[in-house]
Amino acid sequence: MILQKTREEIELMRESALIVSKTLGMIASEIKPGITTLQLDKMAETFIRDHGAVPGFLGLYGCPSTLLTSVNDQVVHGLPTNKPIEEGDIVSVDCGALKNEFYGDHAYTFEIGEVAEETRKLLQVTKESLYVGIREFRLGNRVEDVGYAIQKYTEGHGYGVVRELVGHGLGRKMHEDPEMPNYGKRGRGKLFIEGMVVAIEPMINMGTKNIKQLKDGWTIVTRDGKPSAHFEHDVAIIDGKPELLSTYAYIYKALGIESDEENEFRREPITV
């Protein structure tokens with residue numbers, strides 16, 4: 001069952017989402033060759049608690065960490081380790097926070113130094129596909145309209161769309177109805193309603209769509225060992241249209257990137 005949120009609840013969810021956005025902005029300032037994902041994980045836990053929230057992933061389903069950090073061919077759910085990040089790596093950082101009884105859940109894939117051009121293109125297309133999908137999250141559309149748009153865009157560039165892992169509704173629970181696949185057929189799935197909040201998160205592989213889970217019971221990797229990218233935003237339907245609750249603005253400020261990609265999904269531009 002889809003749980004409709006009031007405007008007041010959506011504003012509380014925006015607070016949770018922005019704590020995650022700020023955490024990712026902090027990570028953007030710290031992530032570089034030589035640092036470990038375990039170090040980043042400890043920084044994130046401290047940051048989230050200092051901002052009046054609690055880590056959303058830590059302890060959830062037995063998760064042992066605040067961040068899920070997926071490097072190169074790791075798709076999602078990578079556990080932080082003591083292995084240093086290296087020049088040329090890509091690292092997907094997925095983070096959650098719980099405040100005022102509502103969750104935020106948000107992810108970004110970082111380039112570490114000079115990344116191979118074909119890998120940079122994968123990240124660019126995957127992030128673009130996120131916004132392609134968000135445009136379809138509006139009244140009158142259905143769940144698979146979003147998935148169809150993401151699938152068409154990314155497969156058009158020759159990439160593989162992961163089937164086993166999907167986005168989801170978001171609220172007082174980290175995972176609510178509906179599931180939000182990154183593939184599908186137009187006109188199928190549950191109908192979108194005013195006040196819905198979802199996490200849309202394309203997980204796109206450079207090669208095959210096929211994946212496997214490592215023995216740690218968490219980390220998902222591509223079967224062919226090629227890189228994978230993951231980007232995620234929290235989005236609400238307000239006045240029939242998609243509105244972002246999360247933002248990459250804090251990441252972009254840390255990295256010195258100028259972007260207006262989010263403006264069409266906001267009533268007013270965010271300032272950081």
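The values are calculated or read from the model by the stated rules, or taken from the named source; none is laboratory data. None of these values were measured; they are calculated from a predicted model. Cβ coordinates were reconstructed from backbone atoms using ideal geometry, including for glycine residues, and neighbour counts include every protein chain displayed.
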query: When residues of the stretch 92-101 are filtered for being of a type outside the set (Asp, Glu) and surrounded by fewer than 24 Cβ atoms within 10 Å (Cβ to Cβ), how many remain?
result: 3
- request: Considering only residues that are assigned to a strand (DSSP E or B) and within 15 Å of Ser129 (Cβ to Cβ), look in the stretch 200-229 and name the one that is farthest from the chain's Cα centre (by Cα).
  value: Asn205
- prompt: Within the group Ala116, Ala149, Ala107, which residue is over 16 Å from the mean Cα position of the chain (by Cα) and buried (at least 22 other Cβ atoms within 10 Å of the Cβ)?
  reply: Ala149
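Please indicate, with yes or no, whether at least one residue in the stretch 240-250 is within 23 Å of Gln124 (Cβ to Cβ), under 18 Å from the mean Cα position of the chain (by Cα) and assigned to a helix (DSSP H, G or I). Break it down into steps so the answer makes sense when it comes.
First pass over the stretch 240-250, keeping only residues within 23 Å of Gln124 (Cβ to Cβ): 242, 244, 246-250.
Still in the list and also under 18 Å from the mean Cα position of the chain (by Cα): 242, 244, 246-250.
In the following step, the residues that additionally are assigned to a helix (DSSP H, G or I) were identified as 249-250.
Checking the stretch 240-250: at least one residue is within 23 Å of Gln124 (Cβ to Cβ), under 18 Å from the mean Cα position of the chain (by Cα) and assigned to a helix (DSSP H, G or I).
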- request: Would you mind finding the one in Lys212, Lys185 that is touching a helix residue (DSSP H, G or I) at 6+ places or on another chain (Cβ under 9 Å) and either at pLDDT 95 or above or surrounded by fewer than 16 Cβ atoms within 10 Å (Cβ to Cβ) (or both)?
  value: Lys185
statement: Residue hits (the stretch 133-158; out of contact with any Phe, Trp or Tyr (no Cβ under 9 Å at 6 or more places or on another chain) and in a loop (DSSP other than H, G, I, E, B)) are Gly156, His157, Gly158
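If you take the residues of the stretch 251-261 that are assigned to a loop (DSSP other than H, G, I, E, B), over 17 Å from the mean Cα position of the chain (by Cα) and not polar (S, T, N, Q), which of them is nearest to Tyr108 (Cα to Cα)? Working first, answer last.
Within the stretch 251-261, the subset assigned to a loop (DSSP other than H, G, I, E, B) is 256-261.
Retained after the next criterion (residues that are over 17 Å from the mean Cα position of the chain (by Cα)): 256-260.
Subsequent filtering for residues that are not polar (S, T, N, Q) retains 256-258, 260.
Working: Gly256: 16, Ile257: 14, Glu258: 16, Asp260: 17 Å.
Among residues in the stretch 251-261 that are assigned to a loop (DSSP other than H, G, I, E, B), over 17 Å from the mean Cα position of the chain (by Cα) and not polar (S, T, N, Q), the one nearest to Tyr108 (Cα to Cα) is Ile257.
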Test: Glu15 is surrounded by fewer than 24 Cβ atoms within 10 Å (Cβ to Cβ), more than 28 Å from Arg223 (Cα to Cα) and either basic (Lys, Arg) or free of Cβ contacts under 8 Å to residues at least 24 places away in the same chain (or both): no
field: Selection count, the stretch 216-256, where residues are under 28 Å from Val115 (Cα atoms) and surrounded by 12 or more Cβ atoms within 10 Å (Cβ to Cβ)
entry: 26
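Got at least one residue in the stretch 50-66 being of a type in the set (Phe, Trp, Tyr) and touching a Leu at 6+ places or on another chain (Cβ under 9 Å)? Spell out the reasoning first.
Taking the stretch 50-66 first, the residues of a type in the set (Phe, Trp, Tyr) are 57, 61.
With the extra rule that they be touching a Leu at 6+ places or on another chain (Cβ under 9 Å), the set shrinks to 57.
Scanning the stretch 50-66, I find at least one residue that is of a type in the set (Phe, Trp, Tyr) and touching a Leu at 6+ places or on another chain (Cβ under 9 Å), so the answer is yes.
Per-residue answers, yes or no, for (1) within 20 Å of Val235 (Cα to Cα); (2) surrounded by 21 or more Cβ atoms within 10 Å (Cβ to Cβ); (3) touching a Cys at 6+ places or on another chain (Cβ under 9 Å):
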residue: Leu123; (1), (2), (3): no, yes, no
residue: Glu128; (1), (2), (3): yes, no, no
residue: Ile134; (1), (2), (3): yes, yes, no
residue: Leu139; (1), (2), (3): yes, no, no
residue: Pro181; (1), (2), (3): yes, yes, no
residue: Gly189; (1), (2), (3): yes, no, no
residue: Glu194; (1), (2), (3): yes, no, no
residue: Val198; (1), (2), (3): yes, yes, no
residue: Glu201; (1), (2), (3): yes, yes, no
message: Report every pair of residues separated by at least 6 positions or lying on different chains whose Cβ atoms are under 6 Å apart, first residue within the stretch 184-209 and within 29 Å of Arg223 (Cα to Cα), second among the polar types (S, T, N, Q).
response: Pro202/Thr126; Pro202/Ser129; Pro202/Asn182; Ile204/Thr126; Ile204/Thr154; Asn205/Thr222; Asn205/Ser228
query: How many residues, within the stretch 97-132, are touching a Lys or Arg at 6+ places or on another chain (Cβ under 8 Å), in a loop (DSSP other than H, G, I, E, B) and within 22 Å of Ile2 (Cβ to Cβ)?
result: 1
